[in-house]
Structure formats: C-alpha cells, structure tokens
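The values are calculated or read from the model by the stated rules, or taken from the named source; none is laboratory data. Just so you know, these numbers come straight off a predicted model, no measurement behind them. Cβ placement follows ideal geometry from the backbone for every residue including glycine, while neighbour counts extend to all protein chains displayed. Just the protein is used for accessible areas: all its heavy atoms, side chains included, with ligands, DNA and RNA removed. Shrake-Rupley method; radii C 1.70, N 1.55, O 1.52, S 1.80 Å.
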Amino acid sequence: MKYEIKKFEYFSVFKLVLTICLIVGVVLGIILGALMGAGLGGISQYYDMGRIGLSGAGAALGVIMGVVFGIIWAILAGVVSVIYVFLYNLAAGLVGGIAMELEGEKLSRICPECGYTLADDAAFCPNCGKKVGL
C-alpha cells in the first residue's frame, strides 16, 4: 500500500518536539549544571576565598541554570519545529509530500452492531442484518 504525507498538523508536531526536548534538556541540564557548579565551587575553594561549603551552592546554582537552559532549549526547539512544519507543508503543497510504502495485512471490516467480521463487499451484516454500507 502506498501513502503520501501531504501535511503535518502544527500542534501535534510542536507538543511532540517540546516534550522530547524538555525531557532531554532538563536531564542534560541537571547533569551538566551539577558538573559545572561543582567545578565552580571547587575553583573558589582552590583560591581559598574563605567561603566554606561554596561547592554545594555552586552545584545547586549549576543545576538551576541547567534546568532553565533546558526549558529554554525545549521552547526554542518547539518553535523551530513549527517553522519546519510550515515549510514542509508549503513545499508538499507545491511538489508533493513524502511517499512511503507500508506493508501489512489489510484490515477487516467489522460490524458496528455485533462485531462480526464482514466481507469487503458486504452491504449488510450476515450475522445481525444491520446495514453496514460500503
């Protein structure tokens, strides 16, 4: 069976990209922020600035910065995805969409009244007699 994707829905792509980027961005932001914060705290203690426990505060600040940057990155990625969808839909309208071929079994028709499996050309259900049309 051949199909062609002619148009993407803006909101569905935006929420998918936003969710994925938000999860990845926040997790990476926490990890990198903690590493960066621990490094900043270590540097301040190395120079003996007289602040005991600054490495913990530096790590916390790093994690907060990482989370904020992860959220900002996710929002920007969502906006870029909307721009991409707009450009794709525009181009697909002009030259055609992405063609793909799917393999698999043809789905059977089922009677909405009794659930009986219908023949492809059945106008009525042979089990309950309900009109199912074509």
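Other residues with beta-carbon under 14 Å from the beta-carbon of GLY96 carry, at +1 per Lys or Arg and -1 per Asp or Glu, a net charge of +2. The accessible area of LEU94, taken with all protein chains in place and a 1.4 Å probe, comes to roughly 140 Å².
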